[in-house]
Amino acid sequence: MAHELPPLPYDYEALEPHIDGQTMKLHHDIHHLGYVKGLNNAEAKLAEARESGDFGLVKHWEREAAFHGAGHFLHCIFWENMSPNGGGEPSGALADAINSRFGSFSNFSAQFLAAGGAVEGSGWVLLVKNNATGTLDILTSEKHQNLTQWVVTPLLVCDVWEHAYYLKYQNRRAEYLQAFMNVINWDDVAKRLG
Ligand code: MN3
């Protein structure tokens, strides 16, 4: 079953002025679509390589599937993590979990922003639930798939590749990260906590 590009849950311009419509259109229609196609291609080639018994090729296409698959699935979460009615602070069990792990929402925000600013090159900053310990954590990734732990569920993810912000914010990634905080759909984040 081929993977498909999911539609954005809102218009391209819906997150303005925080995230501009042109960036959203290019990011969703071109960049995300590229990962969907890359994943479908990698899975098809991987099946052929496994059939042929060429394990050099198996290794290659597994790596391609990791890159494009992580890219596809993270973008799916990213779009849903944002909303034109977003921003503010979480409530309920999610707020409790954040307070218990980070001390306060403002501590969490400061650490999330700092982690996102510190990603070297292209990557993501993620609030995750560690399924082994039940606690929350902040992780970063390089590219899409590197530097993770393998027992986590992503709750909130922010793309800090330059394609996510350069048209509007140029080199000012910190401003983009601040703007992202204004569109976070905390109901969606809470839903992922389960
Ligand atoms: Mn991206």
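No value in this document is a laboratory result; all are computed from the given coordinates. For clarity, every value in this text was computed on a predicted model and none was experimentally measured. Cβ placement follows ideal geometry from the backbone for every residue including glycine, while neighbour counts extend to all protein chains displayed.
Of note:
- Global form of segment 2-79, assessed from the alpha-carbon gyration tensor, a/c cut-off 1.5: prolate
- For V151, V119, order by how many other beta-carbon atoms lie within 10 Å, fewest first: V151, V119
- Overall dimensions of segment 97-189 as given by Cα atoms, namely Rg and Dmax in Å: 13.0, 40
- The residues packed around T140, meaning those with a beta-carbon under 12 Å from its beta-carbon, carry a net charge of -3 if Lys and Arg are +1 and Asp and Glu are -1.
- For the chain, built as a Gaussian network whose Cα springs stay under 10 Å, the top-fluctuating residue of S104, S141, S83: S104
- According to the Kirkwood relation over distinct C-alpha pairs, the hydrodynamic radius of the chain is 17.5 Å.
- Given K59/K168; K37/K191; K37/K59; K45/K129, the pairs whose alpha carbons are separated by over 30 Å: K59/K168; K45/K129
- Computed lengthening from M181 to N99, 0.36 nm per intervening residue step minus Cα-Cα distance: 27.8 nm
- The chain - mean residue ellipticity at 222 nm from DSSP helices (-39,500 (n - 2.57) per run, n ≥ 4, rounded to 500): -16000 deg cm²/dmol
- Environment charge at G117 (Cβ cut-off 13 Å; Lys +1, Arg +1, Asp -1, Glu -1): 0
- The Stokes-Einstein estimate for segment 142-194, based on a Kirkwood radius over Cα pairs and taken at 4 °C with 1.567 mPa s viscosity, is a diffusion coefficient of 101 µm²/s.
- Likely footprinting exposure, I30, I138, I98, fewest C-beta neighbours within 10 Å first: I30, I138, I98
- Local charge for M24 was computed over the other residues whose Cβ lies under 11 Å away, with Lys and Arg +1 and Asp and Glu -1, and equals -3.
- The alpha carbon gyration tensor of segment 112-153 gives principal lengths a ≥ b ≥ c with a/c of 1.5 or higher and a/b no greater than b/c, which makes the shape oblate.
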